[in-house]
Amino acid sequence: MSFLINQLLRFGCIVVGIIMMAGLPNLLPSDGSFTLNWSGYIASIKEVFQGLLNIQEITYSTGGATRALLPQLSGIVSYSLIILIGALLLALVTAGFFTFVTMLIQEKWRGKVKVFTFILESIPDLLIILICQLAIVWLYKQTGLLFFEVASLPGEPIYLLPMVCLSILPMIQYYKVMVSITEIELEKQYVDLAKSKGVYPTMILIYHVLRNALGSLLNYSKTVIWFMLSNLLILEYIFNINGIMSFLLEYLEPTVFALSLLAIFIPIFLFFALGQWLLERFTNEKVVM
Amino acid sequence: MRLFKNTYFLIGFLFLFTLIATSFLHTFVWDNHVAQTQVLYEKGRAIEAAPLSPSLDIPLGTNNLGFHFTHMISIGAKYTIGFAIIIATIRLLTSLVFGILYGAYLYRFRRYITWFVDVFNYVPVTLLALFILTPFLVENFNGFAYTFWERVGIEVVILAFLAVPTTSILIGNELGRIYNHEFIDGAKVVGGSRLHILWKHVRPHIQPQLWIIFMQQLVQTMLVLAHLGFFKVFFGGTNISFDPNWPDPPQSMSYEWSGLIGNGVRYITVYPWIVLVPIVFFALTILSMNFMLEGMKSVTENWRVKFSTDESSAPNYSKNPSPEKQFTPLKNHTNQRRELRLNHKE
């Protein structure tokens, strides 16, 4: 019960935070003065709040026409969420696979792999996404084969390439964390016990280490998702994807900002709450988020 | 000084130092000269027109007006890196004030405070910065409301303050953990005032961490600047031409790198180097900053080990020190490094 109350409180805090953020541009000085505009801030927060209460009536104007936001938004959000979740899963699976392979190779190679991942991790997301796109175009020019669609056209959503691009950096981050968790875990005594009983190293990795690492992974996922959201912003811009981030960029105005952020935040929050609950329930591990 | 013996730190430092030194040389010795080659001739015949691709004569190529990237990158380095350092410094100092307030006085309420700051873990900084800064930095039909330096000031302050909540929590949690150590209780019992304890007992433990946080913030600032440039919100303002007959592309005011990115984005598939050159320089700078960070981490991590194995630097210890002596702190900086992650959470 206290779990539920805690989660609700956290949820409330974040919703309030997002609404307060949405008013920020109106708080800042404008037209050459340097005083904070508190009355404008409060007015815009009120406006956002009222907008959220009557969600059905929120509109946005595009090219002179005024359209209702809500039906439009659900399609856009689900498109973005599919890419985000797909990329996250892809990153987790590939990182898990690579960690598994790394743990089975010799110790002296591991150091080199670590330096390599460190360098890869330092490359900005912009560069990785641009290089992916250029590589596809280059391959197409060389071979005449279009492996993926490079840009999205209206009515023809693309999924695969954005997912792959978006998953590269999180994959490296997950990989790094997984390797360090596994190394710490492998030094614990229960692993020695399992080895002495004759359990195969692969079995130890899959059954015991993985289970114990899940808590830290869930905790770390929060950072990764935050990072992916800003990658998504660039990705949608480059691939001309009609997702939530490009929508936000086009209509940077308080009510739309608040509503769009909430639309993407609520599913993520539910995912974390569910993950935390499942972990506490089944592995008896306390996850502090 | 131990830092400079670390290979990682040295590589990163040398790269950054060369970049900034070249940049200042460019301004003071060559007076910001930017070479321009609009058409490339060979034996009196024109063979290529701007934008020229990278070649032996023009190492990084030119942009679409024929200006050499070598020179533009070199001039821009000091603005981009310099302002990133200023922003990171403001972030660190402000967060330190709030962090001390939180870690030393409000640590009991850490759970609720963390919840309130949690919202920053769901909103990307780039998006928030775009949302807040676009009205200031992008010229509208009436021109800018603020002068160039006013815009720079506003941008620096906003980019700095966007990271203050999370960084304060990070520093505050570190402080709170140090305050929970037993030796702090000891100092309190003996009668040390709060300020005395903070300065004499907590500071030596937090100082190496602060350097690490500073480097992390520096890297993050560079990333945000690159992103903003990508969305054509340039440092110090985006100059947009509203002339219907000659609609110039959005221009940056100086040669700072984010402006170079923003100007080149349109040519990505046709002349990729125009946007890739500045982005690669961003990448190299971020990489070298990360190298320095890694160097710092490994130096603070190995501090205890280095001191205890180095016989000459610790002459007071006999070959087999008594058990109590083994566990007395050897010097101020004997704390073990704790993993600092970006999620600022405990």
- Report the residue, chosen from A:T99, A:T255, A:T117, that carries the largest GNM mean-square fluctuation when chain A is represented by alpha-carbon nodes joined by springs under 10 Å. A:T117
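Give me the dipole magnitude in Debye, nearest 20, for segment A:220-289 about the Cα centre, with unit charges on the beta carbon: positive for Lys and Arg, negative for Asp and Glu. Kindly include the intermediate steps, with their values, before the conclusion.
On the way: 3 positive and 5 negative charges, 57 e Å.
Charge dipole, segment A:220-289, about its Cα centre: 280 debye, nearest 20.
With r defined as the distance between the Cβ atoms of A:V199 and A:W138 and R0 fixed at 35 Å, what FRET efficiency is calculated, to the nearest 0.05?
Here the calculated transfer efficiency is 0.15.
Determine the sum of side-chain charges near A:S80: Lys and Arg each +1, Asp and Glu each -1, restricted to other residues whose C-beta is under 15 angstrom from that of A:S80. List each step's numbers first, then the result.
Details: positive: none; negative: A:E236, A:E250.
Cβ neighbours under 15 Å give a net charge of -2.
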- Task: Working from Cα positions, state the angle (0 to 90°, nearest 10) between the long axis of helix A:160-186 and the longest principal axis of chain A.
- Result: 40 degrees
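Determine how many Å³ per residue the convex hull of the Cα atoms of segment A:120-255 encloses.
Working: hull volume 22.3 nm³, N = 136.
In segment A:120-255, the Cα convex hull volume per residue is 164 Å³.
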- Task: Starting from the Cα of A:L278, step 7 Å along the direction of its Cβ; do the same at B:W199; then give the gap between the two resulting points in nm.
- Result: 5.4 nm
- Over its Cα atoms, what ratio of radius of gyration to 2.2 N^0.38 Å does segment B:110-240 give? 1.42
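So if I place +1 on the C-beta of Lys and Arg and -1 on the C-beta of Asp and Glu, and nothing else carries charge, what would the dipole magnitude of segment B:103-221 be about its Cα centre? I want it in debye, nearest 20.
Working: 9 positive and 7 negative charges, 113 e Å.
Dipole magnitude for segment B:103-221 comes out near 540 debye.
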- Message: Can you give me the solvent accessible area of A:V177 with a 1.4 Å probe, rounded to the nearest 10 Å²?
- Response: 20 Å²
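What net charge do the residues around A:F116 carry, taking every other residue with its C-beta under 13 Å from that of A:F116, with Lys and Arg at +1 and Asp and Glu at -1?
+3
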- Query: At a probe radius of 1.4 Å, what is the per-residue accessible area of A:V164, in Å² to the nearest 10?
  - Reply: 50 Å²
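Per residue of A:10-16, what is the mean number of Cβ atoms on other protein chains within 10 angstrom of that residue's Cβ?
Partner Cβ neighbours, averaged per residue: 4.
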- Starting from the Cα-Cα distance between B:L3 and B:N32, subtract it from 0.36 nm times their residue separation and give me the gain in nm to one decimal. 7.1 nm
- Message: Among A:K141, A:K222, A:K176, which one shows the highest mean-square fluctuation when chain A is modelled as a Gaussian network with alpha-carbon springs under 10 Å?
- Response: A:K141
- Looks like chain A, by Cα gyration tensor root eigenvalues a ≥ b ≥ c and the a/c under 1.5 rounded cutoff (else prolate when a/b is bigger than b/c, oblate otherwise), is oblate
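What is the calculated FRET efficiency for A:L53 to A:V16, with r their C-beta to C-beta distance and R₀ = 22 Å, to the nearest 0.05?
After rounding to 0.05, the efficiency reads 0.95.
With viscosity set to 0.692 mPa s and temperature to 37 °C, compute the Stokes-Einstein D of segment A:200-289, Rh being the Kirkwood radius across alpha carbon pairs; µm²/s, no decimals.
Values: Rh = 15.5 Å.
D, rounded to a whole number, is 212 µm²/s.
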- Task: Let me know the mean shielding of B:125-135 by other chains, meaning the per-residue number of their Cβ atoms within 10 Å of its Cβ.
- Result: 5
- Note on the structure: FRET efficiency (B:F24, A:E121; Cβ distance; R0 30 Å; to 0.05) is 0.45
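Could you pull out the pairs from A:K114/A:K197; A:K108/B:K297; A:K114/B:K5; B:K5/B:K188 whose alpha carbons sit more than 27 Å apart here?
Values: A:K114/A:K197 31 Å; A:K108/B:K297 22 Å; A:K114/B:K5 21 Å; B:K5/B:K188 38 Å.
Flagged as over cut-off: A:K114/A:K197; B:K5/B:K188.
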- Distance in nm between pseudo-label sites at A:L160 and B:R266 (7 Å out along the Cβ direction from Cα): 3.3 nm
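The values are calculated or read from the model by the stated rules, or taken from the named source; none is laboratory data. Nothing here was measured: the structure is a model prediction, and the numbers come from that model. All Cβ positions, glycine included, derive from the backbone under ideal geometry; neighbour counts span all protein chains shown. With ligands, DNA and RNA removed, areas are computed over all heavy atoms of the protein, side chains included. Shrake-Rupley method; radii C 1.70, N 1.55, O 1.52, S 1.80 Å.
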